[in-house]
Amino acid sequence: ESEVPLFTASKVSQYSCQRKTTLNNCNKKFTDAFEIMAENYEFKENEVFCLEFLRAASVLKCLPFPVTRMKDIQGLPCMGDQVRDVIEEIIEDGESSRAKDVLNDERYKSFKQFTSVFGVGVKTSEKWFRMGLRTLEEVKADKTLKLSKMQRAGFLYYEDLVSFVSKAEADAVSLIVKNTVCTFLPDALVTITGGFRRGKKIGHDIDFLITNPGPREDDELLHKVVDLWKKQGLLLYCDIIESTFVKEQIPSREVDAMDHFQKCFAILKLYTPSIDNSSYNTSKKCDMAEVKDWKAIRVDLVITPFEQYAYALLGWTGSRQFGRDLRRYATHERKMMLDNHALYDKRKLFMLHQVVVGTVPESKYSYAENSMLEEY
Ligand code: DGT
Ligand code: MG
């Protein structure tokens, strides 16, 4: 007679793309600990253990109830020994000693600080740590270090960039991006992707996908957009990566491979009109000039040909775990390959290989037909 459907652990898929997950996470105390563990393994470049904890976090996020007993996780996928140990400890003691040890670990603390700088990844952090550097103050004080242009921007706008981007800021930047793009391509489609498209209220950056429906493509669009922002004084940093997509390319097998679209990693200057001028009287005018009335915001712009737009949108909407599992699902359950450009049928790729080696005539080969997409 109960109308609440019973939750069946064994029915929870091992693939996050086959699970329904809301933004309401009732197992935060577990998933926070998992994410700390995962990050520590990422800093140690141990991808297997890192993914083990990220997968487990993703599974607990889909549960409609908080876990209170070990019995609650019985039958769930992705609950390895390490994961179970952490859960058990949190159930018993309210916290994980392993996660706590990580938070107090010198190497973790340094890597956490270093990687919080735009342009600094695990490799650079490793280098700095080996040099004996431990804090960002020490990095800044070391005049022998050669920082990249990206890292210099990262330090310059550090405070703004580590503070979260709000939905209101995302909307404001969205207007700027749309207006600028449309001055050059009035029919262009500009879509916010990443966390904000998933309904998150805060983010670390704002991601956009830009495409032009119809046959016309403009390789210069991105350059025109950033040039205009430069002229308007809105561009604090920009790095344009040209497209490296070639049609006959086979998708990478790497879990977190970058895609091949033309893109731009930028830092924009967003003016903040919300600063309340009425609180300053005229005699304080000099002080007012000192008030910083803008915030540096990380913006990613990705340009896609219209026929690849759907795949790009899927890939850039995230989350990263959702994307990893979508690709894993395509590979293992469908014998297909998915990336941000297309869904490939492996049998047809095999055909392509035969075309290349000359055993099958080209006329018999049709590339990456996507009719199976309908099943998703
Ligand atoms: P956040 O931290 O609030 O910005 O969260 P997200 O989910 O917006 O993460 P973000 O901005 O790092 O990346 C947006 C999504 O795009 C994320 O799910 C990963 C995905 N993505 C797809 N293809 C690529 C790629 O080639 N490079 C990168 N960096 N991300 C990609
Ligand atoms: Mg984002």
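The values are calculated or read from the model by the stated rules, or taken from the named source; none is laboratory data. Everything numeric in this text was worked out from a predicted model, so none of it was measured. With ideal geometry, Cβ positions are generated from the backbone for all residues, glycine too; neighbour counts draw on all protein chains shown. For the accessible areas, the whole protein counts, side chains as well, though only heavy atoms, and no ligand, DNA or RNA atoms are used. Shrake-Rupley method; radii C 1.70, N 1.55, O 1.52, S 1.80 Å.
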Across region 306-323, what is the total count of residues that are open to solvent by 30 Å² or more (accessible area, probe 1.4 Å) and more than 16 Å from ligand 2 (Cβ to nearest atom)? 4
Residue check for PHE118: within 16 Å of ligand 2 (Cβ to nearest atom), of a type outside the set (Lys, Arg), over 29 Å from THR22 (Cβ atoms) and crowded, with 20+ Cβ neighbours inside 10 Å: yes
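To keep it simple, each residue is scored yes or no on (1) touching a Lys or Arg at 6+ places or on another chain (Cβ under 9 Å); (2) closer than 14 Å to LEU301 by Cβ; (3) away from ligand 2 (no atom under 16 Å from the Cβ).
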site: MET131; (1), (2), (3): no, no, yes
site: GLU137; (1), (2), (3): no, no, yes
site: LYS143; (1), (2), (3): no, no, yes
site: ARG152; (1), (2), (3): no, no, yes
site: ASP171; (1), (2), (3): no, no, no
site: VAL177; (1), (2), (3): no, yes, no
site: LEU185; (1), (2), (3): yes, yes, yes
site: ILE202; (1), (2), (3): yes, no, no
site: PRO215; (1), (2), (3): no, no, yes
Working only within region 286-336, note down all residues that are farther than 18 Å from ASP256 by Cβ and of a type in the set (Ser, Thr, Tyr). THR304, TYR309
If you go through region 61-72 one residue at a time, do you hit one that is under 20 Å from the mean Cα position of the chain (by Cα) and surrounded by 18 or more Cβ atoms within 10 Å (Cβ to Cβ)? yes
If we only count helices (runs of 4 or more DSSP H) wholly inside region 128-237, which ones have 2 or more residues that are more than 30 Å from THR21 (Cβ to Cβ) and touching a Gly at 6+ places or on another chain (Cβ under 6 Å)? 149-156
So LYS200 clears everything in (1) more than 20 Å from TYR311 (Cβ to Cβ); (2) without any contact (Cβ under 8 Å) to a residue 24 or more places away in the chain; (3) open to solvent by less than 80 Å² (accessible area, probe 1.4 Å) except one condition, right? Which one? (2)
Among the residues of region 249-270, is there at least one that is under 30 Å from GLU47 (Cβ atoms), out of contact with any Asp or Glu (no Cβ under 6 Å at 6 or more places or on another chain), basic (Lys, Arg) and modelled with pLDDT under 95? yes
Based on what the data block shows, is LEU221 more than 16 Å from ligand 1 (Cβ to nearest atom) and open to solvent by less than 40 Å² (accessible area, probe 1.4 Å)? yes
Mind checking which residues of region 234-253 are touching a strand residue (DSSP E or B) at 6+ places or on another chain (Cβ under 7 Å) and open to solvent by 20 Å² or more (accessible area, probe 1.4 Å)? LEU234, LEU235, LEU236, CYS238, ASP239, ILE240, ILE241, GLU242, SER243
Report yes if SER166 is farther than 30 Å from PHE49 by Cα, within 13 Å of ligand 1 (Cβ to nearest atom) and open to solvent by 20 Å² or more (accessible area, probe 1.4 Å), otherwise no. yes
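Per-residue answers, yes or no, for (1) assigned by TED's automatic domain parsing to the domain that holds ASP207; (2) modelled with pLDDT under 65; (3) open to solvent by 70 Å² or more (accessible area, probe 1.4 Å); (4) over 26 Å from the mean Cα position of the chain (by Cα):
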residue	(1), (2), (3), (4)
ASP339	no, no, no, no
TYR344	no, no, no, no
GLU362	no, yes, yes, yes
ALA368	no, yes, no, yes
Can you tell which of GLY199, GLY214, GLY195, GLY203 is on the phi > 0 side of the Ramachandran plot and within 16 Å of ligand 1 (Cβ to nearest atom)? GLY199
Answer with yes or no whether ALA153 is over 18 Å from the mean Cα position of the chain (by Cα) and surrounded by fewer than 17 Cβ atoms within 10 Å (Cβ to Cβ). no
